[in-house]
1. How many residues does region 42-74 contain that are under 30 Å from Ile118 (Cβ atoms) and at pLDDT below 70?
2. Checking His197 against (1) touching a Gly at 6+ places or on another chain (Cβ under 6 Å); (2) surrounded by 16 or more Cβ atoms within 10 Å (Cβ to Cβ), which test does it fail?
3. When you go through Ala105, Ala91 one by one, which is the residue that is in contact with a Gly (Cβ under 8 Å, 6 or more places away or on another chain) and under 15 Å from Ala166 (Cα atoms)?
4. Considering each of Leu133, Leu128 in turn, give the residue that is over 16 Å from the mean Cα position of the chain (by Cα) and assigned to a helix (DSSP H, G or I).
5. Among the numbered conditions (1) outside any helix (DSSP H, G or I); (2) of a type in the set (Val, Ile, Thr); (3) surrounded by 14 or more Cβ atoms within 10 Å (Cβ to Cβ), tell me where Val100 comes up short.
6. When only residues in region 117-140 that are surrounded by 20 or more Cβ atoms within 10 Å (Cβ to Cβ) and within 30 Å of Ser56 (Cβ to Cβ) count, which is modelled with the lowest pLDDT?
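The values are calculated or read from the model by the stated rules, or taken from the named source; none is laboratory data. Nothing here was measured: the structure is a model prediction, and the numbers come from that model. Glycine also receives a Cβ, built like all others from the backbone with ideal geometry; neighbour counts cover every protein chain displayed.
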Amino acid sequence: MILPGMIYGVLFVFGINYFSLTSSTFIEWIILKTGLKSWVDAIGSDLLGFFITMGSFWLWFTLLLSYFAIFKFLLLILFAPVFSYHHLRIAAIQQNEEFVFQWGAYMKLVFRAILLSITNLLWQTVYLIPIILVCTIPIIGWFTPIFTILIECYFFGYAMLDYGLATENKNRLTAANYVSNHKGLPIANGIAFYLMHLVPVIGWMTAPFYALIAAHLNTQEIKDNN
């Protein structure tokens with residue numbers, strides 16, 4: 001897991017820097033192109049300037065989260081072969097069984113993970129578009145990043161949990177209902193994943209695999225309680 005973790009860490013650093021710069025450039029372009037800056041300067045209202053500044057900041061933050069969502073799904077798709085392999089090993093260790101690589105089961109898990117990530121990307125985009133629009137509304141829009149983060153965490157946690165549900169022979173529909181009935185688990189998994197990014201280098205390298213292990217244990221706990 002060290003090499004994939006290092007690759008993810010490098011991608012995260014470059015990705016977050018790029019997304020931050022492009023978000024700032026996009027907002028600046030909107031303010032100048034619409035004439036909003038000239039209008040605010042002409043009025044000379046400090047209160048209006050404050051609202052514009054706050055709105056710009058929260059829009060920037062929401063766009064950054066939206067960009068990170070794309071990065072997250074690219075990660076889930078590109079790393080699906082790695083996550084699938086490690087999940088099968090984790091499952092064998094948890095069940096005290098010798099790990100025997102089975103190509104058919106592995107490829108089935110990889111394709112399922114990729115298909116789920118593409119589907120979730122489409123659904124999350126549907127949810128994020130109205131949130132970005134609401135973000136432009138003064139005061140009310142300042143709270144939209146909270147919903148953006150919760151949506152981000154849910155869909156990431158869902159992807160991690162599905163590895164465990166797949167190895168329990170649950171089809172996609174059953175797994176979707178399973179996750180929907182335990183929304184706290186994917187959200188908590190996603191929150192832990194994002195919080196680990198606050199720890200430089202080590203957190204960036206280990207966050208995806210910590211989320212994978214935690215998700216597998218969570219699915220086992222649910223299974224044992226049913």
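1. So the count comes out to 1.
2. Unmet condition: (2).
3. Ala91
4. One residue alone meets the criteria, Leu133.
5. Every listed condition holds for Val100 apart from (3).
6. Cys135
Yes or no, residue by residue, for (1) in contact (Cβ under 8 Å) with a residue 60 or more places away in the chain; (2) crowded, with 20+ Cβ neighbours inside 10 Å; (3) under 13 Å from the mean Cα position of the chain (by Cα):
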site	(1), (2), (3)
Phe147	no, no, yes
Tyr158	no, yes, yes
Asp162	no, yes, no
Asn171	no, no, no
His182	no, no, no
Asn189	no, yes, yes
